[in-house]
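Working notes, beginning with the structure itself.
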Amino acid sequence: MDRVKNSMQQVQNPIPKVLNRRAGANSLEAEKENFERSQVVSINKAINAQEVAVKEKHARTCILGTHHEKGALTFWAAVHRLPLSSNAVLCWKFCHVFHKLLRDGHHSVLKDSMRNKADLSDMSRMWGHLSEGYGRLCSIYLKLLITKMEFHSKNPRFPGNLMMTDKQLDETGENDVNNFFQMTVEMFDYLECELNLFLAVFNSLDMSRSVSVTTAGQCRLAPLIQVILDCSHLYDYIVKLLFKLHSCLPADTLQGHRDRFQEQFRKLKDLLYRSSNLQYFKRLIQIPQLPENPPNFLRASALSEHISPVVVIPLESSSPDNEPSVETEELVDMDTALQPTHGESKFDDLFGTSSASDPFNFNSQNGMYKDDKDRLIEQLSRDIRALKEELETFKAESHRLCQALRGRISELEAELAEQTHLKQQALDEGEFLRAELEDLRRRREDTEKAQRSLTEVEKKAQANEQRYAKLKEKYTELVQSHAELLRKNAEVTRQVTVARAAQDEVESVRREMQEKLKEAQEESQHRDEEQSEKLQVLQRELAGSREQLSTLRASITSSQQMSTDLSSKIEALEQDKGGLAEAVAQKEAELSVLGVELERLQSTLSSERDSAVKTAEVLQNQLNEKESHEQALERQLAAERLALLRSSVEEGERIIQDALARLEHPAHIGCTSSADYLVSRSQAALESLNRLQTGQQQYLSDPTDVSELLRAVAQLAHLVGDTIVQGSATSHMAPQEQADMLSEAVKSCGGDALVFLQLLKEEETLGSADSTVLREGLARITCIGEELRPKGLDIDQGELGDLVEQELAATSAAVESAAARVEEMLSQARAADTGIKMEVNERILASCTDLMQAIKVLILSSKDLQRDIVESGRGAASTKEFYAKNSRWTEGLISASKAVGYGATVMVDAADLVVQGKGKFEELMVCSHEIAASTAQLVAASKVKADKGSANLGRLQQASRGVNQATASVVASTKNAKSQIEDTETMDFSSMTLTQIKRQEMDSQVRVLELENHLQKERQKLGELRKKHYELAGVAEGWEEEEGTGAGC
């Protein structure tokens, strides 16, 4: 989708959005259908029922499809339609392809595949009911894949191909030794599943035939390449993790890890060695070899000696199944677009490039379709550039997100600082509220005082109102009295008018009355004025009282409101105070409980201290009794150890005395032995004497440790007795003088051994016991045995067993290499020669191939017969002891094996020269005769100690006759080819004159005489060489020695 959007943005005049959306949808659907169709085709071609190896190009298409799809949904959709439960070969190839996807596919393959884990487990159990064939292999392979999925699910830091640096490996453990311990256990389980599959594939193949060159064998061997890649990394990581664990944990804790590693190391080393000898792997992968001994984890410096095994895979162009593929244009061969790495160039330097000389390089023969490759490479380059742009965009987006996160962090830090400031403000506000609460309390007291003063003012106002009411009543009374007076004045005036007549008479009375009236008016006016003044004063007091009353009512209202607010705050504070009081009460209760508990614990502690003191006294008494008892037991144990040592020494004396007594027994005179076996027994006795001295010193330094001394005494007695018996038996076949010396030496050695053991028996002489005399006696026997050994035996007897196995393996490898070279020469001859030359070369090389096959059968039969001889003849001795005891027979077997391998190599070189026209047919015939003689020598060496009724002996003789027939076929085809070539070279003397013919005739006669003389000298030289060869072979290999030599009585 991103590529579609980018392409639309680059168009100058874009099409309308509706059309663009339809066109984009159609193209994407078409692309998706083409992709799914190509994936299904590749999956069906990679996973089919044909018993051939999976083609690399089809597997690579599936891998690239997971990267294109970013998952494995298409793969599983196609696999679910395959009958995996009914066809074992189909299931086997599915496991191979799925293993490749888990290693090299997209990282989402694991997540998409975990959904099918239950189906894979059921399929593994179903195939596990079969005990052989592909069914059992499929069951083991499915278990391996399930283990791999579980391992990568638990450890997501490990990629599918297990390629990690040491730093990444350390980071996976997160510096926790428990994680490293668990990871090591999981890697052990992982490697165990890999080795089980490895061993199961090898056990299912017939290794006696060239299975690696057949399609059926390659089908089974192909998945082992992935197994080898996994095993190399797992082995490396396990070694490094074990060194890390040994640096953090004690060695005893990791004993199980070391034992399990030792077992897996031996299995992996053997399987890698067997794989490196297969022809199929030699041209596909360079298999590393593990060291001879496993790493020593108890020595930290051994980590620097560890070398990580590296698997080198050459260019895939040399693979026979890497044919050019043009099925899809979107899949690119990554190996052709990249330059060869340093490891590949190093591989080419060691083994040579295969681009021109490899007969399986189909790409160089067919042209590689360079135009398609160039176009695909350009498309890949464009995709890489687009990915780089996406990577830059992703980096910019990541940078922007980082900046945004940093800004967010700054905001959060500022918010945190603000919250801290608010917290401080809240604390300050709490202090302020506490101060305000105190102020409110004071105000409340003032308000209460104001309310009390208000009550007093109200009382005064009520008193004033009462006074006003009284004054009003008095004013009413005054008004009524004034009206009454006015009425009286009118009545008087009327009376005056009526009584004018009698005015004169009453003038005086009237003047008096007027004067009285004036006085009354003045008095009334004066009273009115006084009353008005008083009323005004009262009115002014009433107005002031009303104003004061309104002011007080307003202040009361505000005080009531403030009191209400203060009451609410006081209630909230009272609630907080109540909560705090409850918390304080709870804490005090807890404190009191803790105090009670502390007092109880103190009382308990004091009681326990008293009981502990009493218990300690009792235990001390018991300890004293136990120590005294242990001292008594120690004395008893020391006496028993000394008695055990004495009994062991006495038993050793009886063994040596029995060996000395056997020398005089009449039946012992017929017993014989070889000097080689005598030398090995005497040397073993000397080594046992050294161990006895070590045990003696250890016992003297620590009398409690007598185990090593007891083992050394018993071993020394048996070995000295065996040396005495074998020395006497060897003297029966030695010359008279050396026989007398040897008999005297073994008897003297027996006496010295008895004296030395007598010193070891007593505790007083144990420290002064000296083994010098016994050591000199054994050394003397060894010297005499060395003189009696046959000359020319320059091989260490302890190495004869290993040398036999090595020589037989080397012979087998030489024959395998020779057969491979013959096949290669045959293919080259068919490609390069024509006509009679091609016919001659094919006949010669075909007969050589038959001869090599017959020799391989002979070598395998000889191995089986030799194994039967060793198992039936060695008895209780080891294989190496059997070879050392029969050293001359072993030497003959080794010499015959060398001769067979050398003859096969020389014959292939001669055949190569003959095919190239540079060699002689006589050389090829001589080589054939030499191979026949060498195989006859090998048969004779194998028959010396074989049972005549052995089935393996019959098969060996049958194989020998097959070699003789194949040799005769090589000689016959060589002679026929020689005559056929000589017939083509006709002699033409028609153009020669008489003189020239005479000259040629004289030259021919001279040449005949020279060749006859040279033939006679060469025959004499050949006779002398054969005589000297038989003489040396008889001395070195003991052909004339009887079969019973070295076997004893």
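What the table below lists for this structure:
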item	result
Lone qualifier among VAL201, VAL185 - being in a helix (DSSP H, G or I), surrounded by fewer than 18 Cβ atoms within 10 Å (Cβ to Cβ) and β-branched (Val, Ile, Thr)	VAL185
Tabulated pairs, region 259-270, first closer than 16 Å to HIS306 by Cα and at pLDDT below 90, second of a type outside the set (Gly, Ala, Ser) and part of a helix (DSSP H, G or I), C-beta under 7 angstrom, 6+ apart or interchain	none
Residue in region 750-770 that is assigned to a loop (DSSP other than H, G, I, E, B), among the hydroxyl-bearing types (Ser, Thr, Tyr) and without any contact (Cβ under 8 Å) to a residue 24 or more places away in the chain present	yes
Residue within region 710-725 that is without any contact (Cβ under 8 Å) to a residue 60 or more places away in the chain, out of contact with any Leu (no Cβ under 8 Å at 6 or more places or on another chain) and farther than 19 Å from LEU686 by Cα present	no
Qualifying residue in region 663-670 (condition: part of a helix (DSSP H, G or I) and in contact with a helix residue (DSSP H, G or I) (Cβ under 6 Å, 6 or more places away or on another chain))	yes
Failed condition for ASP705, given (1) among the charged types (D, E, K, R); (2) at pLDDT below 80; (3) in a helix (DSSP H, G or I); (4) open to solvent by 10 Å² or more (accessible area, probe 1.4 Å)	(3)
Qualifying residue in region 406-414 (condition: touching an Asp or Glu at 6+ places or on another chain (Cβ under 9 Å), modelled with pLDDT of 80 or more and in a helix (DSSP H, G or I))	no
Residue within region 232-254 that is in contact with a Lys or Arg (Cβ under 8 Å, 6 or more places away or on another chain) and part of a helix (DSSP H, G or I) present	yes
Options LYS32, LYS70, LYS45: the member that is in contact with a His (Cβ under 6 Å, 6 or more places away or on another chain) and surrounded by fewer than 15 Cβ atoms within 10 Å (Cβ to Cβ)	LYS70
Lone qualifier among ALA819, ALA745, ALA753, ALA734 - being within 53 Å of the chain's Cα centre (by Cα) and at pLDDT 70 or above	ALA819
Selected residue (only one of GLU634, GLU650, GLU625 is more than 22 Å from GLU764 (Cα to Cα) and assigned to a helix (DSSP H, G or I))	GLU625
Filter result for the condition that a residue is assigned to a helix (DSSP H, G or I), open to solvent by 60 Å² or more (accessible area, probe 1.4 Å) and modelled with pLDDT of 75 or more, over GLN525, GLN462, GLN521, GLN539	GLN462
Check on VAL1008, open to solvent by less than 80 Å² (accessible area, probe 1.4 Å) and either more than 60 Å from the chain's Cα centre (by Cα) or modelled with pLDDT of 80 or more (or both)	yes
Residue list for region 56-78, restricted to those being β-branched (Val, Ile, Thr) and either more than 29 Å from the chain's Cα centre (by Cα) or modelled with pLDDT under 90 (or both)	THR74
The lone exception for ASN293 - which of (1) at pLDDT below 50; (2) exposed (fewer than 10 other Cβ atoms within 10 Å of the Cβ); (3) outside any helix (DSSP H, G or I) it fails	(1)
Test for LYS880: is it surrounded by fewer than 23 Cβ atoms within 10 Å (Cβ to Cβ), within 43 Å of the chain's Cα centre (by Cα) and modelled with pLDDT under 70	yes
Flag if GLY777 is at pLDDT below 75, in a helix (DSSP H, G or I) and not charged (D, E, K, R)	no
Close pairs (6 angstrom Cβ cut-off, 6 or more residues apart or separate chains): free of Cβ contacts under 8 Å to residues at least 60 places away in the same chain in region 104-123, assigned to a helix (DSSP H, G or I) and not aliphatic (A, V, I, L, M) anywhere	GLY105/THR66; HIS106/THR66; HIS106/HIS67; VAL109/THR66; LEU110/HIS152
Scan of region 787-806 for residues that are at pLDDT 70 or above and surrounded by 19 or more Cβ atoms within 10 Å (Cβ to Cβ), ordered by number	LEU788
Residue within region 666-688 that is open to solvent by 70 Å² or more (accessible area, probe 1.4 Å), under 22 Å from GLU786 (Cβ atoms) and at pLDDT 80 or above present	yes
Selected residue [surrounded by fewer than 17 Cβ atoms within 10 Å (Cβ to Cβ) and either of a type in the set (S, T, N, Q) or under 18 Å from ILE238 (Cα atoms) (or both)] from ARG283, ARG299, ARG260, ARG274	ARG299
VAL213 vs. criteria of a type outside the set (Gly, Ala, Ser) and open to solvent by 70 Å² or more (accessible area, probe 1.4 Å)	yes
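The values are calculated or read from the model by the stated rules, or taken from the named source; none is laboratory data. Computed from a predicted structure; not experimentally measured. FYI the Cβ positions are ideal-geometry reconstructions off the backbone, even for glycines, and counts take in every protein chain you see. Only protein heavy atoms, including side chains, enter the accessible area calculation; ligands, DNA and RNA are left aside. Shrake-Rupley method; radii C 1.70, N 1.55, O 1.52, S 1.80 Å.
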